[in-house]
1. From the list S265, S259, exactly one residue is out of contact with any Leu (no Cβ under 6 Å at 6 or more places or on another chain), modelled with pLDDT of 95 or more and on the phi < 0 side of the Ramachandran plot. Which is it?
2. Sort through I370, I358 and tell me the only one that's among the β-branched types (V, I, T), assigned to a strand (DSSP E or B) and surrounded by fewer than 18 Cβ atoms within 10 Å (Cβ to Cβ).
3. Looking only at residues that are assigned to a helix (DSSP H, G or I) and more than 26 Å from the chain's Cα centre (by Cα) in the range 304-336, which one is nearest to A274 (Cα to Cα)?
4. Would you point out the residue of the range 199-225, among those that are modelled with pLDDT of 90 or more and among the basic types (K, R), that is surrounded by the fewest Cβ atoms within 10 Å (Cβ to Cβ)?
5. Assess whether F367 counts as being closer than 21 Å to G255 by Cα and in contact with a Pro (Cβ under 8 Å, 6 or more places away or on another chain).
6. Is there a residue in the range 414-429 that is without any contact (Cβ under 8 Å) to a residue 12 or more places away in the chain, aliphatic (A, V, I, L, M) and outside any strand (DSSP E or B)?
7. Can you spot a residue in the range 194-205 that is among the aliphatic types (A, V, I, L, M), touching a residue at least 12 places away in the same chain (Cβ under 8 Å) and out of contact with any Pro (no Cβ under 7 Å at 6 or more places or on another chain)?
8. Pick from E392, E341: which is more than 29 Å from the chain's Cα centre (by Cα), part of a helix (DSSP H, G or I) and acidic (D, E)?
Amino acid sequence: MSLQTSFLTDPATLRAISERQPNIMVDALTEWLVDQSLSTPALDQVVAGTCERLYAAGVPISRVMLGYRTLHPMLRARSFVWERGKEIESFDHRHFADGEDSRLDKPLDKPGDNKSTDDRAVWARSPMSYILEHKVPMLRRRLTGPEKMLDFLVLEELAEDGHTDYLAIATELGRPLPGHPGPMLEHGVICSWTTDAPEGFTKAHLADIMRVQRRMAVTLNVGIKWEMANNLATTYLGPDAGQRVLAGKIRRGDGESISAVIWFSDLRNSTGLAESMPPENFLRLLNRYFECTAGAVLAEGGEVLRFIGDAVLAIFPQVSAEEGARRARRAMQEALRRLEEWNQRRLEHGKLPIGIGIGLHCGEVMFGNIGVPERLEFSVIGHAANTASRLESLTKELGEPVIVSANFAALLPNEHWRFLGDHALRGTSGAVGLFAPVVRN
């Protein structure tokens, strides 16, 4: 049984608890928040637990929205909405996009379904934006009665839903409020508290809310920092390598020998392309090319380890060799499909098509930290990794977009392969049998 149901009481009882014992249950709540901060708290459960306990302590909250700025390549912020008697909801807010119609799953502090509402416009009209832009740490609005003030759209909607009082607080941790560097606090949380009690929030309620929010912000900060660390590790290292680093594999030489399918792909004529356009245009082209190649690898559960200029080094770990080969084969097909679609659009605009080369191999590699003690990279090294790179280089000489080794082809005997002959690879003694996939219409 949750606190929501076990402590649900009528407004008169809540007022009596607040007046008779205004701090006992709030004291217990703050101690609970301290306990949560000693672990790696689940952020939504901290918010839900805080709201349920605060309501049980006699503070008649009916809706709470909490948001924070995150560090993620696709998301600018996250928020939670708690409503009394309902499960807590969480929402991801994408970065504002220049030149695009940016959307939100659900705008900050805006009830209802607003999937078709422009992100930037909604944010600009919100109380949260006003607080941060004007460096106001707190904003309170009565939603009913003679002191009613509905100067933001969300307040009108809250009043229509029966809410009577609204309080928004920005809690910045460790530094003063920034001069609005972005849509959220740089370091902290912003939270709105709403009640449907006829008289609104009392002074005692407001004091309890402000006390609890600061302690909740400290607890959430632990989880937010851990979330950011995970985001950064996954973004820059990949999910497997990132988790290994976060688990303590941070010394040079830390690693292990693993069997993996290795992917190496490269962009054709990258030097000529770079010289034919401004740097910013080439950067956009390069990122679009990576969406075709690295994006296809990620879609099949592969791990992109390095972007080497315009090349992609990836592996398919933690699966059997056969399954890794099947995933790599599907990723290769998807990459070529994406590239073909892109080239069709380029040709329609009078641009030359983009070419790629892909080399696929399987074998034992050392998966771990390399570099100098002060600057490390988590990657794969070894003969198998070098072989995949050599296979990709041969795609240029043999005029094939994809070349796989005999070892790789043997993992998928039911696939159709075209034998390209035995070829010597640079740095390898003896000839190696090479294959190309047969294109089936």
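The values are calculated or read from the model by the stated rules, or taken from the named source; none is laboratory data. These numbers come from a predicted model, not from an experiment. Ideal geometry is used to build each Cβ from the backbone, glycine not excepted, and the neighbour counts take in all protein chains shown.
1. Sole residue among the options that is out of contact with any Leu (no Cβ under 6 Å at 6 or more places or on another chain), modelled with pLDDT of 95 or more and on the phi < 0 side of the Ramachandran plot: S265.
2. Numbers: I358 fails: surrounded by fewer than 18 Cβ atoms within 10 Å (Cβ to Cβ).
Result of the check over I370, I358: I370.
3. Looking at the filtered set, the residue picked out is L336.
4. The selected residue is K203.
5. yes
6. So far as the range 414-429 goes, no, none of its residues is without any contact (Cβ under 8 Å) to a residue 12 or more places away in the chain, aliphatic (A, V, I, L, M) and outside any strand (DSSP E or B).
7. no
8. Numbers: E341 fails: more than 29 Å from the chain's Cα centre (by Cα).
After ruling out the rest, the residue left standing is E392.
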